[in-house]
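This is the structure I have questions about; it appears just below.
Read-outs: derived from the displayed coordinates by stated rules, not from any lab. Note that the coordinates shown come from a computational prediction; the quantities given were computed from them, not determined experimentally. Glycine gets a Cβ as well: all are built from the backbone with ideal geometry, and neighbour counts include every protein chain shown.
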Amino acid sequence: MKFFTCPHCAAQVFFDNLDCTCGGQLAYQPAKSEMVPAEATCANRKSIDCNWVCEAGQELCQSCTMTKTHPDTSVDGNLALWRRAEKAKRWVLANLRHLGWFRETDTGARPVFELLSEKTLQGPEQPVMGHADGTIVINVAEADPATLVERREQMREPYRTMIGHYRHEIAHFLFMRLSKSEKFLQDFRTNFGDETTDYAAALQVYYETGAPADWQEHFVSEYASAHPHEDWAETAAHVLHLNDLCDSARASRLVVGETGFEMLSQDNLISDGLTLGIALNHLNRSMGLEDAYPFVISPNVREKLTFAAVHLKRGD
């Protein structure tokens, strides 16, 4: 994510800012990817700190419009969870717009989000995150930092974040759109396998036996080994991680080597992203923190990442 400029005083501001230190009110304009004066703002600005602008005649911004269901805010704690969940969604959607998805020129379908809480008036529930026919379900419980850390340890997933959940589930949605191309499907099956194999049966086997011992040679994560659909979602999400990582590094003027981060090809994206990940791990260890980039990428996985990177970059 890049840094932004206050339209009132030209100071540096950030993607989620509602105002500047000069006192000027800010709004994010997704069509131009810039901060503008806070006019025609989203109706959710006061309730969940949404700082996006609205299109003419609309009450909700492009991000909030995609949310079909949100947690019951009369239940204690749900408003804060919803606020954090929408914050992560806006970040991911902005990144995807930079790659050509969901822009005004993109005439394809948009995902619909159901942001569900485990806290309801009827008692505790357990929403299952997933994607089906264009609808994405997100369990906002993991927008709570303590809950997220607990489940990260339970699931043995060193990288488990709300942004990661959105990228994974949106990757399933993007597969649905990309798979309309027979050429994409043929190339996909060469890299990931036959996605028509029984999904439920494959997941049952995965949860009973776990990932194969050599999973790191072929998959970006253990869960990716469960089924070709999950392999794609984990791999495509990882490409989105690397893309944002490199964008943020360029914005921060961090460099790897003498040339810095000039994205001349998708292979550079992957090479630079992986190099930056290693550097971030080294920095974190100097502070006694966990690795920022807890992945080991094999040559086989790199080929999958390259395939996903090519298809995730859209032209207008």
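Please work out the FRET efficiency for the pair GLN12 and THR107, using the Cβ-Cβ distance as r and a Förster radius of 41 Å; give the result to the nearest 0.05.
Working: r = 35 Å, r/R0 = 0.86.
The calculated FRET efficiency here is 0.70.
Under a point spin-label approximation (7 Å from Cα along Cα-to-Cβ), what is the LEU79-THR5 distance to one decimal in nm?
Between LEU79 and THR5, the label points sit 3.7 nm apart.
Tell me the relative contact order for the chain as a rounded percent, counting alpha carbon contacts under 8 Å between residues six or more apart. Walk me through the numbers on the way to the answer.
Details: 448 pairs, mean separation 40.9, N = 316.
Once divided by the residue count of the chain, the mean separation gives 13 percent.
Under a Cβ-Cβ limit of 4.7 Å, which cysteines in the chain have nobody to pair with?
For the chain, the answer is CYS54, CYS64, CYS246, because their Cβ atoms have no other cysteine Cβ under 4.7 Å.
For the cross-link pairs LYS68/LYS89; LYS2/LYS180; LYS68/LYS313, which exceed 25 Å when the distance is taken from alpha carbon to alpha carbon?
Working: LYS68/LYS89 13 Å; LYS2/LYS180 33 Å; LYS68/LYS313 27 Å.
Cα-Cα > 25 Å for LYS2/LYS180; LYS68/LYS313; rest within.
Please figure out what share of the DSSP beta bridges in the chain is antiparallel and state it in percent, rounded to the nearest 5.
60 percent
What is the gain in length, in nm to one decimal, between GLN204 and LYS183 on full extension, counting 0.36 nm per residue of separation less the C-alpha to C-alpha distance?
Gain on extension, GLN204 to LYS183, equals 4.5 nm.
Cα convex hull of the chain: how many Å³ per residue? Please list the in-between numbers first.
Details: hull volume 51.5 nm³, N = 316.
Here the figure is 163 Å³ per residue.
What are the principal axis extents of the Cα atoms in segment 1-148, in Å, biggest first?
Extents along the principal axes, in whole Å: 48, 36, 29.
Just from its helices, what would the mean residue ellipticity at 222 nm be for the chain, if runs of 4 or more DSSP H residues each count -39500 (n - 2.57) and the sum is divided by every residue, rounded to the nearest 500 deg cm²/dmol? Display every interim value, and only then the final one.
On the way: 10 runs with 137 residues, N = 316.
Helix-only estimate at 222 nm: -14000 deg cm²/dmol.
For segment 116-255, with only Lys/Arg (+1) and Asp/Glu (-1) charged at the beta-carbon, what is the dipole magnitude about the Cα centre, in debye rounded to 20?
Its charge dipole is roughly 560 debye.
If one puts a single equal scatterer on every Cα of segment 181-316 and applies the Debye formula without solvent, what log₁₀ I(q)/I(0) results at q = 0.13, 0.15 Å⁻¹?
For segment 181-316, the Cα-only Debye profile gives -0.63, -0.80.
As an exercise, use a Förster radius of 41 Å and the Cβ-Cβ distance of ASP19 and VAL310 to find the FRET efficiency, rounded to the nearest 0.05.
Numbers: r = 40 Å, r/R0 = 0.97.
The value I calculate is 0.55.
Further question: For an R0 of 22 angstrom, estimate the FRET efficiency from the Cβ-Cβ distance between GLN58 and LEU99 and round to the nearest 0.05.
According to the calculation, E is roughly 0.40.
May I ask you to evaluate 6.51 cos²θ - 1.76 cosθ + 1.60, the Karplus curve with θ = phi - 60°, for each residue of segment 35-44 and list the ³J(HN,Hα) values in order in whole Hz, giving x for glycine and proline?
In residue order, the calculated couplings are 8, 10, x, 6, 10, 6, 8, 4, 5, 8 Hz.
Please report, in cubic angstrom per residue, the volume enclosed by the convex hull of the alpha-carbon atoms of segment 66-178. Don't skip to the end; give the middle numbers.
Values: hull volume 12.4 nm³, N = 113.
Cα convex hull per residue, to the nearest whole number: 110 Å³.
Same structure again: Can you sort LYS183, LYS119 from fewest to most other Cβ atoms within 10 Å of each residue's own Cβ? Display every interim value, and only then the final one.
On the way: LYS183 7, LYS119 17.
So the residues, fewest neighbours to most, are LYS183, LYS119.
Mind checking segment 31-86 for trypsin sites (Lys or Arg not before Pro) that DSSP puts in a loop (not H, G, I, E or B) and that have at most 13 other Cβ atoms within 10 Å? Don't skip to the answer; put the middle values down first.
On the way: sites: LYS32, ARG45, LYS46, LYS68, ARG83, ARG84; in loops: LYS32.
Passing both the DSSP loop test and the Cβ count: LYS32.
Sorted by average packing, counted as other Cβ atoms within 10 angstrom per residue and highest first, what order do 169-180, 229-240 take?
Per-residue Cβ counts within 10 Å, averaged per peptide and sorted highest first, yield 229-240, 169-180.
Between SER33 and MET155, what is the label-to-label distance in nm when each label sits 7 Å out along the Cα-to-Cβ direction?
Reported label-point gap for SER33 and MET155 is 2.8 nm.
Along the charge dipole of segment 181-316, Cβ charges K/R +1 and D/E -1, which of ALA211, CYS246, PHE295 sits furthest on the positive end?
Looking along the dipole axis, the top candidate is CYS246.
Based only on other Cβ atoms within 10 Å, what is the fewest-to-most ordering of VAL310, VAL137? Before the final figure, lay out the partial values.
Details: VAL310 13, VAL137 17.
Starting with the residue having the fewest Cβ neighbours, the order is VAL310, VAL137.
Would you order GLU86, GLU59 from fewest to most other beta-carbon atoms within 10 Å of each residue's own beta-carbon? Walk me through the numbers before you get to the answer.
On the way: GLU86 27, GLU59 10.
Lowest count first: GLU59, GLU86.
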